Amino acid sequence: MNAVALAGRCLAPTYTFVGMTFRRVGSHDAIRFDAWPELAANVQRFFVERAMGATCRVLRDVIGSAFELATFDLTYDAGAGTEAKQTVLGAKIRYGQPASTPTFEHAHLERPLRSTRSGTTAPMKKSP
């Protein structure tokens, strides 16, 4: 859970227009991303995809190279020319799902955090 909190603190501006809901689903953890409904659809998609990608990147940096996703679901349809076999950290991107949610094994969050890269922790050092 510390890794998810670290991602939220490091990327605070990324989540300005996106809500994040963390929940446990069996042996997996899921983070649901929802954009502000007041935004235009294309802007919602941009912010959600950016926040999901940034969160997954920080989790990989903090947890280590063993971190992989079980799923990477997007509520949006695949764009024209989108390759059907695209993956994010080992998970195939699934378009047209009920929620924009990456999931991963809960065991990743039970491990102690390893030393993080200086680029990942730099925003933390500026915090009070």
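Any read-out appearing in this document is the output of simple, stated calculations on the displayed coordinates, not a laboratory observation. Quick caveat, the model's predicted, so the values are computed rather than measured. Using ideal geometry, Cβ is built from the backbone for each residue, glycine included, and neighbour counts are taken over all protein chains shown.
Things worth noting here:
- Under 5 Å, built H, 5+ apart or other chain: amide partners of A35: G19
- Between H28 and H106, the built amide H atoms are under 5 Å apart, and every one of these is 5 or more places off in sequence or on another chain.
- Where labels lie 7 Å past Cα in the beta-carbon direction, separation of S65 and V43 in nm: 4.1 nm
- Neighbourhood charge, 15 Å Cβ-Cβ cut-off, centred on D34 and excluding it, Lys, Arg +1 and Asp, Glu -1: +1
- Taking Lys and Arg as +1 and Asp and Glu as -1, the other residues whose beta-carbon sits under 12 Å from that of I93 total -1.
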